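Engineer: One structure, as structure tokens, below. Some questions next.
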Amino acid sequence: MSTSATPDLASATGVDDDAVAHGSPLRSVYVYEAPVRLWHWINALCITVLAITGYFIGQPLPTQPGEASANYLMGYIRFAHFAAAYLFVVGLLGRIYWALVGNHHARELFTLPIFTPAYWREVRTMLKWYAFLIPQPSQYVGHNPLARMAMFFGFFLFSVFMVFTGFALYGEGAQAGSWQERLFGWVIPLMGQSQDVHTWHRMGMWGMLIFITVHVYAAVREDIMGRQSIVSTMVSGHRTFKR
């Protein structure tokens, strides 16, 4: 007895072995190891908490009536911000460690092969692809060259900037002698004064949010139009190529 379903039965049950047998084959490559994927999603949560709480720290909620001890909302907001900041830093340090011990894809976030001509040829290819000048991009196992550049400048260097300015402001509150002030206190006089660091830190938050918006758009666009998985790769670790 054939396992193939008739069109009516397939429509009713969803079982259609003939369609599966004649479907386009998929090829997949294991790219992102479990620590990289775990870091990615924890990092996304940290940035979400940091952005929301940071906004309210810069634009505090209206004062509420009653005793201060009964209205500790801003205190909780600041605590959530600081906790997410510590987790963000620990995650970034862990990610740097994994770049040293993980596979070669784990190092793409921190290095750019700027002296390799083939790299710049692929950057041009991706620019043409995003400008709708070519029908399909190349098939990239790791980050495509343009995304790699964006991750290095738009995420990694931005993250370092936010860590330094954030802990400089934290050290100011922790006062002289704290490890935060000893390690990052030099940032404030370098940038002018405390308010300047506040302003740059807040602008950095908006810059990070702009980068994340473009990052999500590009990932979804590649999944739909590029014929290669992007979003699901950061869940399963496998990059799938569709014919």
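Engineer: Return the pair list, or none, for Cβ contacts closer than 7 Å from residues in the range 211-231 that are within 13 Å of Gln139 (Cβ to Cβ) and assigned to a helix (DSSP H, G or I) to residues that are open to solvent by less than 20 Å² (accessible area, probe 1.4 Å) and not aromatic (Phe, Trp, Tyr), at least 6 apart or on different chains.
Structural biologist: Close Cβ pairs satisfying both conditions: Glu222/Gln228.
Engineer: Pairs under 7 Å by beta carbon, first residue on the phi < 0 side of the Ramachandran plot in the range 89-106, partner polar (S, T, N, Q) and surrounded by 16 or more Cβ atoms within 10 Å (Cβ to Cβ), six or more apart or different chains?
Structural biologist: Final answer for the pair search is Gly91/Asn43; Leu92/Ser159.
Engineer: Considering only the range 214-221, I want to know if a residue exists there that is more than 22 Å from Phe88 (Cα to Cα), in contact with a Leu (Cβ under 9 Å, 6 or more places away or on another chain) and among the aliphatic types (A, V, I, L, M).
Structural biologist: For the range 214-221, residues more than 22 Å from Phe88 (Cα to Cα), in contact with a Leu (Cβ under 9 Å, 6 or more places away or on another chain) and among the aliphatic types (A, V, I, L, M): present.
Engineer: Additional query: With (1) hydrophobic (A, V, I, L, M, F, W, C); (2) modelled with pLDDT under 95; (3) part of a helix (DSSP H, G or I) as the list, and Val29 as the residue in question, which single condition is left unmet?
Structural biologist: Only one criterion is unmet by Val29, namely (3).
Engineer: Quick check on the range 60-80. Is at least one of its residues touching a residue at least 60 places away in the same chain (Cβ under 8 Å) and either within 27 Å of Tyr32 (Cα to Cα) or not small (Gly, Ala, Ser) (or both)?
Structural biologist: Among the residues of the range 60-80, not one is touching a residue at least 60 places away in the same chain (Cβ under 8 Å) and either within 27 Å of Tyr32 (Cα to Cα) or not small (Gly, Ala, Ser) (or both), which makes the answer no.
Engineer: Let me ask another. From the list Phe158, Phe153, Phe164, Phe132, pick out the single residue that is aromatic (Phe, Trp, Tyr), in a loop (DSSP other than H, G, I, E, B) and open to solvent by 50 Å² or more (accessible area, probe 1.4 Å).
Structural biologist: Phe132
Engineer: So if I check each of Ser236, Ser178, Ser138, which one is of a type in the set (Gly, Ala, Ser), in contact with a Phe, Trp or Tyr (Cβ under 9 Å, 6 or more places away or on another chain) and open to solvent by 50 Å² or more (accessible area, probe 1.4 Å)?
Structural biologist: Answer to the selection: Ser236.
Engineer: Under the condition of being small (Gly, Ala, Ser) and touching a helix residue (DSSP H, G or I) at 6+ places or on another chain (Cβ under 8 Å), which residue from the range 202-219 is surrounded by the fewest Cβ atoms within 10 Å (Cβ to Cβ)? Can you show your working first?
Structural biologist: Of the range 202-219, the ones small (Gly, Ala, Ser) are 204, 207, 218-219.
So of that shortlist, the ones also touching a helix residue (DSSP H, G or I) at 6+ places or on another chain (Cβ under 8 Å) come out as 204, 207, 218.
On the way: Gly204: 18, Gly207: 15, Ala218: 18.
Among those residues, the one meeting the criterion is Gly207.
Engineer: Separate question: Given (1) small (Gly, Ala, Ser); (2) assigned to a helix (DSSP H, G or I); (3) touching a helix residue (DSSP H, G or I) at 6+ places or on another chain (Cβ under 7 Å), identify the lone condition not met by Ser138.
Structural biologist: Going through the list (1) small (Gly, Ala, Ser); (2) assigned to a helix (DSSP H, G or I); (3) touching a helix residue (DSSP H, G or I) at 6+ places or on another chain (Cβ under 7 Å), Ser138 breaks only (2).
Engineer: Can you name the residue in the range 88-129 that is closer than 17 Å to Phe155 by Cβ and of a type in the set (Lys, Arg) and is also least open to solvent (accessible area, probe 1.4 Å) among such residues?
Structural biologist: Step by step, filter the range 88-129, then rank; the result is Arg95.
The values are calculated or read from the model by the stated rules, or taken from the named source; none is laboratory data. Everything numeric here is computed off the predicted structure, so don't read it as measured data. Glycine also receives a Cβ, built like all others from the backbone with ideal geometry; neighbour counts cover every protein chain displayed. In case anyone asks, the SASA skips ligands and DNA or RNA and just uses the protein heavy atoms, side chains included. Shrake-Rupley method; radii C 1.70, N 1.55, O 1.52, S 1.80 Å.
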